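Chemist: Got a structure for you, questions after.
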Amino acid sequence: MCDEVTEQKVDITTSVMSKNDRFAEDNRELLSGKGIYTLNLISSPGAGKTTVLESMARFFGPRMAVIEGDIQTRRDAERIEKAGCQAWQIETGGACHLDAHAVNHALGHMNLDPDALELLAIENVGNLICPSGYDLGEDMRIGLLSVPEGDDKILKYPSLFSSINVLVINKMDLIPHLDFDVDRAIEECRSLNPDVLVFTVSAKTGEGMEEFCDFVESSFSTTA
Amino acid sequence: MLPPELNGGFSMHELSLAHDMTRIIGSALGRKVHLDRVNITIGPLSGISAESLRFCFTEVARIEGFGEPDLVINLTKAKLICLDCDIEYEAKDFYQGCPDCGSISRRILSGREFTVDSVELEEGND
């Protein structure tokens, strides 16, 4: 790495994310080698990531496995297991995001049987800022925004919303009670990110979840 | 070992990034020496707060045995392409629209970079 040493100055020219990116490539190679399609689900705390995943767990059953990232507790993994999927909990112990190394470690503990598994969903730590810079080796990055958070959040957190493949707007059942302009949110997300696909759902009532799960399924069926 | 305020209770990704920087510097130099300057490049779309990084790096560098180097940050401009009029332009953040037509509909060409470029050793360390 150390190319040129002058008397005092040492050239380094190394991307700070290079170690993470190497692990991300390893994860991608391992998972795609087994025919497993991987999602990285990012949102603020309380937007409904785990409820969306519970709903997906009921749709996909044992064909899906979940890695849960939280600062502390196994609560989310227990919810996913109850809904019918294998779950592995990463407790970051303070870190505000998952990195590819932590995911790589988790993969080493999971049963990645290629005959049974088709989909791996990684639930990132609830945070709209820090996870955006870390490639975990996913095939699809999903940003989840919930109606109570407000329709102005997309432009406030551009580094995340410019990097996602899919925007899921959750808690649509609350639309009648709140001033959330769905068209504005979608338009602002498309301005940052012209290729983004958008789904509107309520994981609680199930509204829109079947369409979303069908879309996820078609994504891994076409790449398999 | 980090003091408590920089460990459990203080979690932002700039702290992890500061640790990654000292790891990269240590492995490039093959040893821990006091540094005068650390030169880095940050793209405006990298999601990194330069001031948070400076705060974290100053502490992490000192604690890990690299002295108290100045962190010199080269803030680049992002390269974007306007999807309405097709021109390529530079921007200093996510919010700057096309200088020609004002549109903020665009594709990002670059601006997420974050590299450790070089370090300058303290006198007597070379």
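Chemist: Specify the residue that is least open to solvent (accessible area, probe 1.4 Å); the eligible residues are those in region B:84-103 that are away from chain A (no Cβ under 12 Å) and within 23 Å of B:Ser49 (Cβ to Cβ).
Modeler: B:Glu90
Chemist: Do you know which residues across region A:141-170 are open to solvent by less than 10 Å² (accessible area, probe 1.4 Å) and more than 14 Å from chain B (Cβ to nearest Cβ)?
Modeler: Correct list: A:Ile142, A:Leu144, A:Leu145, A:Ser146, A:Val147, A:Val166, A:Leu167, A:Val168, A:Ile169, A:Asn170.
Chemist: Do you know which residues across region B:27-46 are open to solvent by 20 Å² or more (accessible area, probe 1.4 Å), outside any strand (DSSP E or B) and either more than 8 Å from chain A (Cβ to nearest Cβ) or under 16 Å from B:Pro69 (Cβ atoms) (or both)?
Modeler: B:Leu29, B:Arg31, B:Lys32, B:His34, B:Pro44
Chemist: Right, next: Out of (1) modelled with pLDDT of 95 or more; (2) surrounded by 15 or more Cβ atoms within 10 Å (Cβ to Cβ), the odd one out for B:Ala50 is which?
Modeler: With (1) modelled with pLDDT of 95 or more; (2) surrounded by 15 or more Cβ atoms within 10 Å (Cβ to Cβ) applied to B:Ala50, the lone miss is (1).
Chemist: Let me ask another. Name every residue in region A:105-127 that is farther than 26 Å from A:Thr222 by Cβ, open to solvent by 10 Å² or more (accessible area, probe 1.4 Å) and in contact with a Gly (Cβ under 8 Å, 6 or more places away or on another chain), in order of residue number.
Modeler: Passing the criteria: only A:Gly126.
Chemist: Exactly one condition in (1) closer than 25 Å to A:Gly93 by Cβ; (2) modelled with pLDDT under 95 is false for B:Glu64; which is it?
Modeler: Just one mismatch for B:Glu64, condition (2).
Chemist: Within the set of pairs 6+ apart or on separate chains, which have a first residue in region A:199-217 that is on the phi > 0 side of the Ramachandran plot, a second that is not charged (D, E, K, R), and C-beta atoms under 8 Å apart?
Modeler: Note: pairs meeting the criteria are A:Gly206/A:Ser55; A:Gly208/A:Met172; A:Gly208/A:Phe199; A:Gly208/A:Thr200; A:Gly208/A:Val201; A:Gly208/A:Ser202.
Chemist: Shifting gears a bit: Kindly indicate which of A:Asp21, A:Asp70 is surrounded by 20 or more Cβ atoms within 10 Å (Cβ to Cβ) and within 14 Å of chain B (Cβ to nearest Cβ). First the steps, then the outcome.
Modeler: Values: A:Asp21 fails: surrounded by 20 or more Cβ atoms within 10 Å (Cβ to Cβ).
Checking each option against the conditions leaves just A:Asp70.
Chemist: Then there is this: So, A:Asp11, is that one within 12 Å of chain B (Cβ to nearest Cβ), in contact with a strand residue (DSSP E or B) (Cβ under 9 Å, 6 or more places away or on another chain) and at pLDDT 95 or above or not?
Modeler: yes
Chemist: Check off (1) assigned to a loop (DSSP other than H, G, I, E, B); (2) more than 13 Å from chain A (Cβ to nearest Cβ) for B:Phe55 and give me the number that stays unchecked.
Modeler: Every listed condition holds for B:Phe55 apart from (1).
Chemist: Okay, next question. Taking into account only those residues within region B:104-121 that are without any contact (Cβ under 8 Å) to a residue 60 or more places away in the chain and within 8 Å of chain A (Cβ to nearest Cβ), which is surrounded by the fewest Cβ atoms within 10 Å (Cβ to Cβ)? I'd like the intermediate steps shown before the answer.
Modeler: In the first step, residues of region B:104-121 are kept if they are without any contact (Cβ under 8 Å) to a residue 60 or more places away in the chain; the result is B:104-107, B:109.
With the extra rule that they be within 8 Å of chain A (Cβ to nearest Cβ), the set shrinks to B:104-107.
Details: B:Ile104: 19, B:Ser105: 17, B:Arg106: 26, B:Arg107: 14.
If we take residues in region B:104-121 being without any contact (Cβ under 8 Å) to a residue 60 or more places away in the chain and within 8 Å of chain A (Cβ to nearest Cβ), then B:Arg107 is surrounded by the fewest Cβ atoms within 10 Å (Cβ to Cβ).
Chemist: With region B:58-126 as the region, which strands (runs of 3 or more DSSP E) entirely inside it contain at least 1 residues that are more than 19 Å from A:Ser162 (Cβ to Cβ) and over 15 Å from the mean Cα position of the chain (by Cα)?
Modeler: Passing ranges, in order: B:114-121.
Chemist: In region A:119-145, how many are closer than 15 Å to A:Leu30 by Cβ and either part of a loop (DSSP other than H, G, I, E, B) or at pLDDT below 95 (or both)?
Modeler: Number of matching residues: 5.
The values are calculated or read from the model by the stated rules, or taken from the named source; none is laboratory data. Please read these numbers as outputs of a predicted model, since none were measured by experiment. Positions of Cβ are generated from backbone atoms using ideal geometry, with glycine treated the same way; all protein chains shown enter the neighbour counts. Surface accessibility is based on the protein's heavy atoms, side chains included, excluding ligands, DNA and RNA. Shrake-Rupley method; radii C 1.70, N 1.55, O 1.52, S 1.80 Å.
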